[in-house]
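Nothing in this text is a laboratory measurement; each read-out follows from the coordinates by a stated rule. These numbers were taken from a predicted model, which means no experiment stands behind them. Don't worry about glycine lacking a Cβ; one is built from the backbone with ideal geometry, like all the others, and counts go over all protein chains shown.
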Amino acid sequence: MLTSTRSTSLHLSQKSISEKGGTARFRIVVMGAAAVGKSAIISQFLYERFVSEYKETIEELHRGEYNVKGTQLVLDILDTAGAHSFPAMRKLAIATSNAFILVYSVNDDTSFDEVKAMREQIIAERDDENVPIVIVANKTDILEEKRIISRETAETLVSVEWGNGYIEASAKENINIVGIFKEILRQSKFQYSLSPAVERRRISMPAILFSKKKAPTQPKRHSCSLN
Ligand SMILES: Nc1nc2c(ncn2[C@@H]2O[C@H](COP(=O)(O)OP(=O)(O)OP(=O)(O)O)[C@@H](O)[C@H]2O)c(=O)[nH]1
Ligand SMILES: [Mg+2]
């Protein structure tokens, strides 16, 4: 378990959050093929750390707690398995999350195919074309000649055809990582502003520890309220 308090660059406007008992909750799931950099993105966002060794994830829940002008915002970020994901776990993650980050690696075309399939599954299971989804093209730091999926191809498909958010990022170089989370909150109709003065406490622990908790209620689309 890791706990720390430090300033953060993500500041959510108090006006945009309707809270119950002073606490607002938001749950994001990060999905994608194996080794595309899902854990690296979360680690860079929450802990400002890049780990170059590859360690397969089973499932991990990270929590960022933000104090925004006296209101507590709890941001749950579920890190999922790319290789050995269990269909039941994926279904549960899809059913209980407010928003989705789907990651592929720009040097791996099968990981892009997987993003397409996951997006279709999310839309089918949620029965909602407008569920907040951001597609992340990760590892953009690699040499151009190793890149297989071009920005034009992916961005046109994602932004124009699918109507989802598209972000080019590098967890290794910490490029656009905060942008991913800003985009997902924007898609979810949150308002935010950048501020260096917000307190954040971060913890990381296996999702199973949270399994007895009631899943967060889905916010209504086009409203900013959270339960
Ligand atoms: N060059 C480069 N390597 C990266 C980047 N992000 C992650 N990696 C590396 O890619 C490997 C896989 O990263 P992970 O974050 O563990 O991938 P994952 O998607 O969580 O993998 P699973 O948990 O198995 O699903 C690791 O060796 C990382 O160091 C990046 O932006 N650029
Ligand atoms: Mg992982």
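Sorting the segments 125-135, 32-42, 144-154 by their mean number of nearby beta carbons within 10 angstrom, highest to lowest, gives 32-42, 125-135, 144-154.
Do any GluC sites (Glu not before Pro) in the range 34-118 lie in a loop, going by DSSP, with at most 13 other beta-carbon atoms within 10 Å of their beta carbon, and if so which? Could the numbers behind the result be given before it?
Numbers: sites: E48, E53, E56, E59, E60, E65, E114; in loops: E48, E53, E56.
Counting only loop positions with at most 13 other Cβ atoms within 10 Å, the GluC sites (Glu not before Pro) in the range 34-118 are E48, E53, E56.
The spacing between the range 51-90 and the range 107-129, judged by their C-alpha centroids, is 19 Å. One compactness figure for the range 57-123 is 1.32, namely its Cα radius of gyration divided by 2.2 N^0.38 Å. Across the cross-link table entries K55/K116; K116/K146; K91/K116; K38/K139; K139/K172, which are compared at the Cα atoms, the separations over 18 Å belong to K55/K116; K116/K146. Modelled label positions at D141 and Y47, each set 7 Å beyond Cα in the direction of Cβ, lie 1.6 nm from each other.
Spin-label pair Y54-R126: with each label point 7 Å from Cα along the Cα-Cβ axis, the two points sit 2.9 nm from one another. The stretch between T153 and N174, if pulled fully straight at 0.36 nm per residue, gains 5.2 nm over its current Cα-Cα span.
Evaluated with a Cβ-only charge set (Lys, Arg +1; Asp, Glu -1), the range 57-134 carries a dipole of roughly 280 debye about its Cα centre, given to the nearest 20. Each peptide in 100-113, 167-180, 76-89 gets a packing score, the mean of other Cβ atoms within 10 Å over its residues, and the list from highest to lowest is 100-113, 167-180, 76-89.
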